[in-house]
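Report on the structure given below.
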Amino acid sequence: MVTKPHPEPVVHASLGLQSLCERLQNAAGCDILELGPVRSGNVQFWSRFSPYIYIADLRSSLPLPVPVPPPEEDSEFVEPDWDQLLALPEGRGYNVVLAWDLLNYMELPAVSSLVKYLKKFCQPGAILFTLIFDQKQMPDEITIYGIADESHLRYEYATSDMRACPRHQPRALGIVMSQFRTADSFRLRNGVVEYLFEYEGTHTASAV
Amino acid sequence: MWKKSEPEETHPQPAPAPMPQPVAPPRSAAPAVKEQAVIGSTIYIKGDLTGEEDLSIEGRLEGKIELRRHSITIGKNGRIKGDIYGKMITVEGTVEGNLYGEEQLILRQSGTVRGNIVAPRVALEDGSNFKGSIDMSPKDKSAAAPAQDKPIIVPKAT
């Protein structure tokens, strides 16, 4: 189990990425919403699908973890201004959302808020790819994931510090991710569960 | 210990006469001379640019650059506010605007782009600063209306 981030990038198998790529082979188009930062190798990798990629890089604009008031307080959760944070172009529907490990740095209300917002930009059948840590501790900062090949990811840790992991459980995730069904999930040896959530909504953002 | 000097092709003394560029391609009768215009680091231009030669910009420009059949390089000191149309575009400096590369776009590690990229081949070096969209889809699809209508809102500089 990789519980302590390694200062050097580490390559791990990614059955989730493999599954995603297989789905894209048969997809009519490839409109990717990348919630992580720009990675040269990743753009190169996706180029085989002649994609449209929007790089939102939430890591650089969102205070993480997203602050959520403790349950004992009466104060309401203030939803982040996703319009401003993501600045997604209007009228574009995505069929792939790359969330990587972002959801681990959000409590469930924040995850729910983000997913609710993203639905407006998802095509029916869109896949949200995310890595959920299922261990007591996780890296203190979001990790950058480089695509090594169709079935391997390179974990590029930003820090060796650790923080408590929320350990989102499948059932809880299923509830907050309304209108998304778990299309695939893979429990990896490194304590990561890779999910492919499929959007079942009928809302169609008019793709360009 | 000292390495014996090997025969050198270049000499430290200044050349006595203008020498032909050793790497220059042989000239033919056709007008194949590769011209490149350079806008220096102290130059500030407000307005659109168009032309029929390669361009390198180290200065500041506010306006559209349209050299669809030529290479455009935004140097490390270059700062552009406006859309850029070129055959091959290389960004080492800063661009606030959309980039349309007929063949290729390269964003160097030192480069920053706030806008959208439309090009069939895109290379973004790790460490470069980019927020926006990349459209590598076939031209007939992208030419219709790339998603550049809404300006990119940058909540926080990175």
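Every read-out reported here was derived from the displayed coordinates using simple, explicitly stated rules and does not represent laboratory data. Every value quoted in this text rests on a predicted model; they were computed, and no experiment measured them. No Cβ is skipped: glycine too gets one built from the backbone with ideal geometry, and neighbour counts run over all protein chains shown.
For this structure, a couple of remarks:
- Whether segment B:36-142 is rounded, prolate or oblate, judged on the alpha carbon gyration tensor where a/c under 1.5 counts as rounded: oblate
- Alpha carbon centroid spacing (whole Å) that separates segment A:138-208 from segment A:10-54: 14 Å
- Backbone HN-Hα couplings from phi across segment B:63-79 [Karplus 6.51/-1.76/1.60, Hz, Gly and Pro as x]: x, 8, 10, 10, 9, 4, 9, 9, 7, 10, 10, 9, x, 4, 8, x, 9
- For B:GLU53, residues with placed amide H under 5 Å, excluding near neighbours: none
- Highest-fluctuation residue, A:GLU22, A:GLU34, A:GLU198 considered, GNM on chain A with Cα pairs under 10 Å: A:GLU22
- With a Förster radius of 35 Å applied to the beta-carbon distance between A:GLU79 and A:THR159, the computed FRET efficiency rounds to 0.80.
- Cα shape, segment A:83-151, gyration tensor, a/c 1.5 rule: oblate
- Between A:GLU90 and A:ARG187, the contour length at 0.36 nm per residue exceeds the alpha carbon distance by 31.4 nm.
- Overall Cα dimensions of chain A - principal axes, largest extent first, Å: 44, 41, 29
- Between amide H atoms placed 1.01 Å from N, distances below 5 Å from B:VAL95 occur with B:ILE80, B:THR112, B:VAL113, B:ARG114, all of them 5 or more places distant or on a separate chain.
- Above-threshold pairs, the threshold being 18 Å between Cα atoms, out of B:LYS46/B:LYS131; B:LYS46/B:LYS81; B:LYS81/B:LYS131: B:LYS46/B:LYS131
- The H on the amide N of A:PHE180, modeled in the peptide plane, is under 5 Å from the matching H of A:GLU200, each at least 5 residues off or on a different chain.
- Under 14 Å from the Cα of B:LYS87 - aspartates and glutamates, other chains or at least 8 residues apart: B:GLU52, B:GLU53, B:ASP54, B:GLU66, B:GLU102, B:GLU103
- Judged by the ratio a/c of the largest to the smallest principal axis of the C-alpha gyration tensor, segment B:36-81 counts as oblate, that ratio being 1.5 or greater while a/b is no larger than b/c.
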